[in-house]
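Please read the structure below before turning to the comments.
The values are calculated or read from the model by the stated rules, or taken from the named source; none is laboratory data. Bear in mind the structure is a predicted one, so any value in this text is a computation, not a measurement. With ideal geometry, Cβ positions are generated from the backbone for all residues, glycine too; neighbour counts draw on all protein chains shown.
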Amino acid sequence: MSLYLSTMRVFRFTFQNIFRNFWLSFVSMTVFVLTLLTVNCVIIMNVLASATLESVERKVEVTIYFNADATEDLVKGAQGYLLGLPQVRDVSYISDADALDAFMRANANDPLVLESLEELDRNPFGHSLVVSAHSSDDFPFILEAIETPEFSPFIKEKDTADYDRIIEGIQNLSTKVRWGGIALAGFFALVAMLIIFNTIRVAIYVHREEIGIMKLVGANDWFVRGPFILESLIYSAVAALVMLGLIALVLGAMQPWILRFFGDIDTSLSAYYWKNGLWIFGGQWIALSVLSLATTFIAMRRYLRV
Amino acid sequence: MIELRNVTKHYAPHTNALKSISLHIRPGEFVSVVGQSGSGKTTLAKLLFAEERPTKGKIIIGDWDISAIHQHEIPILRRQIGVVFQDYKLLQRKTIFENIAFALEVAGAPQKTIRDIVPNVLKIVGLGDKKDRYPRQLSGGEQQRVSIARSLVHRPKILVADEPTGNLDAIHSHEIIELLKRINEYGTTVVLVTHDREIVNALKKRVITLQDGEIASDIEHGKYILS
């Protein structure tokens, strides 16, 4: 028999099976879609968690206080030097006058503090620089780099009191979220595998008599297995496409809400899916196909002994 | 045509369905295999189309020793032996035409051949006008005729019918037996497995009687002798 003829017939039987067993096909495909939905929920949670952590990480700043005798030019020179470092994201200059002003505003309701300030005949604050980095891991390097002979004698204090604790906290949280995500994804993948295995097993069990008849009238393995294999591939492809559509719809609807909830955090899930969509949905289709094919073979071996 | 040499079929743990039986069926014969439930007659039928393999002994069909047939050769064997079952074994989601065509499709017959042969066999079994119906829309007798039509599409040299009238009333049973006789007259060897005394006695053909897995009698123009 020509390969073309047999392949075309297997395709025809496959589509006949799908449409003549519409509800079984529908339920199987729904299970596939729900499985992918679970996987995509885990992906979305990971993207949002990573974006949140990154955003918090970006908000960590370190203030470098200069002595009162440090001139504005020197401090601005230090600002330029720091901005030249690739690890530095931004450096804000705060003049001594601005610092005094901010202090007075912050303590406007505390007359004792204001009176104490008036006792002094000069501005007790020096210039300062507020440094933010691309990654919290870069702070130790940045604070080391500023200790040059030119600037070091004028540095009064580096406000590192909290950043070690914050960064350590963020890194701990980040690691936990990542491992939590992997564990959750692993758990759902296992559940998905069991559900898909059972769905296909049931489908083949339902058809076992029919398959037995096919074999009794002389159908070879390809004719019997072919439609099941193709059905699995079609279910997987349809599920991946339905998921793609669902994600596009849901993200379109959710994006304004996400932006409102996360504020300025860069959580463009649509952009993430747009950039990685081929890998995400292609990978999901391939994974589903491999899983359903393996299940098909196992179930057929189990139930077909004609 | 069909030769069994000392064939034994053992099912674990302690059942010997067939005990070293030997027989020879000539081309064009009509042979009834009779016996009570559990006598081994269905096992014998299953051995002929390789649904079961013998534990010991040889089964030769034509020049082909099918005792140790390879898995991939089974479809080839089944396309050369027509098989009819008590429960018809029709594909419920295919029409009558599709059920019969399927047997040709799996053998790689071109579409034109299928379009020629299927209406012909349907006409032979008297179902030419019901080709688009599904099995559930037919009576038991009609379903069995579809099953026979399907078994004929390859023009088999051997037709094995395992209790083909088991689910039918007397009138439909008679129709089916008449159909098998006609097929036999065209030269096909027919092996009829049955426990229907009236059918066997009316046929007046060779009767092999099985009892407890052994051949109790093998008589040309025989009768149903079991009580």
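Scan the stretch B:167-187 residue by residue and report those that are without any contact (Cβ under 8 Å) to a residue 40 or more places away in the chain, part of a loop (DSSP other than H, G, I, E, B) and surrounded by fewer than 19 Cβ atoms within 10 Å (Cβ to Cβ).
If the condition is that a residue be without any contact (Cβ under 8 Å) to a residue 40 or more places away in the chain, part of a loop (DSSP other than H, G, I, E, B) and surrounded by fewer than 19 Cβ atoms within 10 Å (Cβ to Cβ), then B:169, B:186 are the ones that fit.
Can you tell me how many residues in the stretch B:137-159 are of a type in the set (Gly, Ala, Ser) and either surrounded by 23 or more Cβ atoms within 10 Å (Cβ to Cβ) or in contact with a strand residue (DSSP E or B) (Cβ under 7 Å, 6 or more places away or on another chain) (or both)?
Here the count works out to 3.
Let's see how each residue does on (1) of a type in the set (Ser, Thr, Tyr); (2) on the phi > 0 side of the Ramachandran plot; (3) in contact (Cβ under 8 Å) with a residue 24 or more places away in the chain; (4) not assigned by TED's automatic domain parsing to the domain that holds residue A:137:
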site	(1), (2), (3), (4)
A:66	no, no, yes, no
A:81	yes, no, yes, no
A:97	no, no, yes, no
A:101	no, no, no, no
A:123	no, no, yes, no
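Would you kindly identify the helices (runs of 4 or more DSSP H) lying entirely within the stretch A:125-227 that contain at least 2 residues that are within 14 Å of another protein chain (Cβ to nearest Cβ)?
Helices (runs of 4 or more DSSP H) meeting the threshold: A:163-206, A:208-216.
Which numbered condition trips up residue A:40, out of (1) more than 11 Å from chain B (Cβ to nearest Cβ); (2) modelled with pLDDT under 85; (3) closer than 18 Å to residue A:200 by Cβ?
It is condition (3) that residue A:40 fails.
Here is a list: A:48, A:74, A:82, A:114. Which entry is under 30 Å from residue A:188 (Cα atoms) and in contact with a helix residue (DSSP H, G or I) (Cβ under 8 Å, 6 or more places away or on another chain)?
On inspection, the qualifying residue turns out to be A:48.
Give all pairs with beta carbons closer than 6 Å in which a residue from the stretch B:92-103 that is facing chain A (nearest Cβ under 7 Å) and at negative phi meets a residue that is assigned to a loop (DSSP other than H, G, I, E, B) and buried (at least 19 other Cβ atoms within 10 Å of the Cβ); count only pairs at least 6 apart in sequence or on separate chains.
Cβ pairs passing all conditions: B:103/A:217; B:103/B:153.
Exactly one condition in (1) more than 7 Å from chain A (Cβ to nearest Cβ); (2) modelled with pLDDT of 90 or more is not met by residue B:110; state its number.
Single failed check for residue B:110: (2).
Given (1) more than 14 Å from every other protein chain (Cβ to nearest Cβ); (2) crowded, with 16+ Cβ neighbours inside 10 Å; (3) farther than 16 Å from residue B:158 by Cα, identify the lone condition not met by residue B:68.
(2)
Just to be sure I understand, how many residues within the stretch A:208-224 are farther than 17 Å from residue B:98 by Cα and surrounded by 20 or more Cβ atoms within 10 Å (Cβ to Cβ)?
Within the stretch A:208-224, residues that are farther than 17 Å from residue B:98 by Cα and surrounded by 20 or more Cβ atoms within 10 Å (Cβ to Cβ) number 1.
For the subset of the stretch A:1-15 comprising residues that are within 11 Å of another protein chain (Cβ to nearest Cβ) and touching a residue at least 24 places away in the same chain (Cβ under 8 Å), which member is surrounded by the most Cβ atoms within 10 Å (Cβ to Cβ)?
A:13
The rows are residues; the columns are (1) within 14 Å of chain A (Cβ to nearest Cβ); (2) in contact (Cβ under 8 Å) with a residue 60 or more places away in the chain; (3) surrounded by 15 or more Cβ atoms within 10 Å (Cβ to Cβ); (4) more than 13 Å from the chain's Cα centre (by Cα).
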| residue | (1), (2), (3), (4) |
| --- | --- |
| B:21 | no, yes, yes, yes |
| B:34 | no, yes, yes, yes |
| B:58 | no, no, yes, yes |
| B:61 | no, yes, yes, yes |
| B:86 | yes, yes, yes, no |
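For residue A:46, are the conditions met, namely being touching a Gly at 6+ places or on another chain (Cβ under 6 Å) and within 30 Å of residue A:276 (Cβ to Cβ)?
For residue A:46, the condition - touching a Gly at 6+ places or on another chain (Cβ under 6 Å) and within 30 Å of residue A:276 (Cβ to Cβ) - is met.
Condition test on residue B:77, is it surrounded by fewer than 21 Cβ atoms within 10 Å (Cβ to Cβ), closer than 15 Å to residue B:158 by Cα and among the aliphatic types (A, V, I, L, M)?
Yes.
Residues checked against (1) over 16 Å from residue A:41 (Cα atoms); (2) crowded, with 21+ Cβ neighbours inside 10 Å; (3) more than 14 Å from chain B (Cβ to nearest Cβ); (4) modelled with pLDDT of 75 or more:
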site	(1), (2), (3), (4)
A:233	yes, no, yes, yes
A:239	no, yes, yes, yes
A:250	no, no, yes, yes
A:254	no, no, yes, yes
A:290	yes, no, yes, yes
A:306	yes, no, no, no
